[in-house]
């Protein structure tokens, strides 16, 4: 299950070369990582700009990489417990196609931390993350190596929803938006769907009776309704772990949850510029955002007259873009879909 911690901003950049390979051929600038920092809503946000090897003076395609929910850092990790390196691996794959990338430590992670929200974390809402991503996009747009007319936004999970919003609002709209295993329905609908699936599996295994399953399902739906109506949640009938989840949703994470749940991604699709290249991936083994949750978004994208490749079903892939043959790395099928999307 997902975890939830939780437009124009002034941008200040500081670039320091942190890695330079061996000497390049004459006229070729070697690949390098630059540590960058930009300011969003008074918070210094830290990230990594990767510039592939390129001819001097040549402007590169570039992609902003956005992480999923929870305390997920610039590499796509939640240390110390989870280190799939999702975004770092996507950056490496895009480097092979000469695409520059920017990834950053969002609020609550890495060097950035909570920043301006340190003393009042409960005031951190979802729009703050969108503004932070918008500031990162402006930084990437203004780099001397990047082509401002060939920018892309690539988001994973919740970051895909942020990418969708950014694609419809950024100054100099992106040429492409990649939505990898996206949060494609309202947050609390997704949470309810995940919980119902877990309860059904517990009943299938004999851990719950049919009556218990019906009681818990009804309590979950009632809790979602209460949250949306700004009423206290009655946790009677909920399993202890589920009760704790909903208590957190109306406690320190309440503002974030309410503001995230207010976004309906299919409606946001209408703001995309017609012809924008859009990729939507769905893994058939993704239990967090099943393929069916992307149906309404896919239909909305068609109505918005965006370009392809559109939705790509990835057989056997889970939420982290892994399959049984690649349990610790992004599977080739996902990387191939991303590379096809990134082509001019």
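The values are calculated or read from the model by the stated rules, or taken from the named source; none is laboratory data. In this text, all values refer to a predicted model and were calculated from it rather than measured experimentally. A quick note on method: Cβ atoms are made from the backbone with ideal geometry, for glycine too, and the neighbour counts reach across all protein chains shown.
Some notes on this structure:
- Selection from segment 71-92 of residues that are assigned to a loop (DSSP other than H, G, I, E, B) and in contact with a strand residue (DSSP E or B) (Cβ under 6 Å, 6 or more places away or on another chain): 71, 72, 73, 74
- Here residue 61 passes the criteria (1) at pLDDT below 95; (2) in a strand (DSSP E or B); (3) surrounded by 14 or more Cβ atoms within 10 Å (Cβ to Cβ) except the one numbered (1).
- Scanning segment 93-125 for residues that are in a helix (DSSP H, G or I) and crowded, with 24+ Cβ neighbours inside 10 Å yields one hit, 94.
- Conditions (1) crowded, with 23+ Cβ neighbours inside 10 Å; (2) under 13 Å from the mean Cα position of the chain (by Cα); (3) over 17 Å from residue 278 (Cβ atoms): number failed by residue 157: (3)
- Single residue of segment 296-335 satisfying the filter (assigned to a helix (DSSP H, G or I) and in contact with a strand residue (DSSP E or B) (Cβ under 9 Å, 6 or more places away or on another chain)) that is nearest to residue 265 (Cα to Cα): 297
- When the criteria are applied in full, residue 287 meets the requirement of being part of a loop (DSSP other than H, G, I, E, B), within 18 Å of the chain's Cα centre (by Cα) and exposed (fewer than 15 other Cβ atoms within 10 Å of the Cβ).
- Condition check for residue 231: in the same structural domain as residue 156 (by TED's automatic domain parsing), loosely packed, with under 14 Cβ neighbours inside 10 Å and out of contact with any strand residue (DSSP E or B) (no Cβ under 7 Å at 6 or more places or on another chain): no
- Looking across 179, 151, one residue alone is outside any helix (DSSP H, G or I), under 21 Å from residue 283 (Cβ atoms), at pLDDT 95 or above and outside the structural domain of residue 228 (by TED's automatic domain parsing). It is 179.
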